[in-house]
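Peer 1: Got a structure for you, questions after.
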Amino acid sequence: MAVFRTIAAFLAAVLTGTVLVSIANTHVVLQALVRIGASIPTAARLEAIQRDLTGFAPTLFVLIFAGFAIAFPVAGILARILGEGWRRLGFTLAGGGAVAAIMLGITAFYGQMLDATITPVASSRELTGLLTLCLGGAAAGFLFATLQPPPRRDR
């Protein structure tokens, strides 16, 4: 039963992270356009979010799944070492850190393997945009820690 709960909490966190990071990505890009004078009505914003959720989110889901599959077990080990009081903070940081690693990894991959000088995910080009994306991962990590209680210690 605990395994199913862990899997459900993990999938909920991945799905939540995917949706939040995708929406944050859309918002950062649209705000950059607004800063240079574009007028973007609400209907266009909602359409852009919908397009990112159908176009960008499936790939993002796979990347976040892999990132969380690495980051969350590490956070769980650290919570056992540091004490359960660090659990929520640890998973929150792990979620945000995983998104940062994903975005920086994508850029590094393009630079090294494809000899490209672009930032494939434009919203992560500047620190504020990258941190905005990381908030989605952090929220997902917090959700995982909340849905998945600490393991019981049999003594």
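The values are calculated or read from the model by the stated rules, or taken from the named source; none is laboratory data. This one's a predicted model, so the numbers in the text were calculated from it and none came from an experiment. Neighbour counts are summed over all protein chains in view; Cβ atoms, including those assigned to glycine, are modelled from backbone coordinates with ideal geometry.
Peer 1: Among the residues of segment 58-68, is there at least one that is more than 11 Å from the chain's Cα centre (by Cα) and surrounded by 17 or more Cβ atoms within 10 Å (Cβ to Cβ)?
Peer 2: no
Here's the yes/no breakdown for (1) modelled with pLDDT under 95; (2) of a type in the set (S, T, N, Q); (3) closer than 15 Å to THR18 by Cα; (4) not in a loop (DSSP other than H, G, I, E, B):
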{"site": "ILE70", "(1), (2), (3), (4)": "no, no, no, yes"}
{"site": "ILE77", "(1), (2), (3), (4)": "yes, no, no, yes"}
{"site": "ALA101", "(1), (2), (3), (4)": "no, no, yes, yes"}
{"site": "GLN112", "(1), (2), (3), (4)": "yes, yes, no, yes"}
{"site": "ASP115", "(1), (2), (3), (4)": "yes, no, no, no"}
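Peer 1: Please pick out the residue among ALA140, ALA145 that is surrounded by 14 or more Cβ atoms within 10 Å (Cβ to Cβ), over 10 Å from the mean Cα position of the chain (by Cα) and under 19 Å from PHE72 (Cα atoms).
Peer 2: Details: ALA140 fails: over 10 Å from the mean Cα position of the chain (by Cα).
After ruling out the rest, the residue left standing is ALA145.
Peer 1: So, one more: Kindly evaluate ALA43 against the criterion of being part of a helix (DSSP H, G or I), among the aliphatic types (A, V, I, L, M), loosely packed, with under 12 Cβ neighbours inside 10 Å and free of Cβ contacts under 8 Å to residues at least 40 places away in the same chain. Give the steps one after another, and end with the answer.
Peer 2: Numbers: part of a helix (DSSP H, G or I): yes; among the aliphatic types (A, V, I, L, M): yes; loosely packed, with under 12 Cβ neighbours inside 10 Å: yes; free of Cβ contacts under 8 Å to residues at least 40 places away in the same chain: yes.
Considered against the rule, which asks whether it is part of a helix (DSSP H, G or I), among the aliphatic types (A, V, I, L, M), loosely packed, with under 12 Cβ neighbours inside 10 Å and free of Cβ contacts under 8 Å to residues at least 40 places away in the same chain, ALA43 comes out as yes.
Peer 1: What are the residues in segment 1-40 that are β-branched (Val, Ile, Thr) and without any contact (Cβ under 8 Å) to a residue 24 or more places away in the chain, if any?
Peer 2: Residues of segment 1-40 β-branched (Val, Ile, Thr): 3, 6-7, 14, 16, 18-19, 21, 23, 26, 28-29, 34, 36, 40.
Of everything in segment 1-40, those that are β-branched (Val, Ile, Thr) and without any contact (Cβ under 8 Å) to a residue 24 or more places away in the chain turn out to be VAL3, ILE7, VAL34, ILE36, ILE40.
Peer 1: Then there's this: Pick from segment 117-127 the residues that are touching a helix residue (DSSP H, G or I) at 6+ places or on another chain (Cβ under 8 Å) and in a helix (DSSP H, G or I): which of them is surrounded by the most Cβ atoms within 10 Å (Cβ to Cβ)? So that I can check it myself, show each step before the final result.
Peer 2: Kept after step one, since they are touching a helix residue (DSSP H, G or I) at 6+ places or on another chain (Cβ under 8 Å), are these residues of segment 117-127: 117-124.
Still in the running and in a helix (DSSP H, G or I): 122-124.
Numbers: ALA122: 13, SER123: 22, SER124: 24.
Filtering segment 117-127 for residues that are touching a helix residue (DSSP H, G or I) at 6+ places or on another chain (Cβ under 8 Å) and in a helix (DSSP H, G or I), the one surrounded by the most Cβ atoms within 10 Å (Cβ to Cβ) comes out as SER124.
Peer 1: Ok, one more. Condition first: over 26 Å from ILE7 (Cα atoms) and modelled with pLDDT of 90 or more. Now tell me which residues in segment 129-155 satisfy that. If you could, list the steps in order and put the result at the bottom.
Peer 2: Restricting attention to segment 129-155, the residues satisfying the condition of being over 26 Å from ILE7 (Cα atoms) are 129-132.
The answer is LEU130, LEU131, THR132.
Peer 1: Continuing with this model, one more query. Determine whether segment 76-87 contains at least one residue that is buried (at least 19 other Cβ atoms within 10 Å of the Cβ) and of a type in the set (Gly, Ala, Ser).
Peer 2: So the first thing to find is which residues in segment 76-87 are buried (at least 19 other Cβ atoms within 10 Å of the Cβ), and the list is 76, 79, 87.
Keeping just the survivors that are of a type in the set (Gly, Ala, Ser) gives 76, 79.
For segment 76-87, residues buried (at least 19 other Cβ atoms within 10 Å of the Cβ) and of a type in the set (Gly, Ala, Ser): present.
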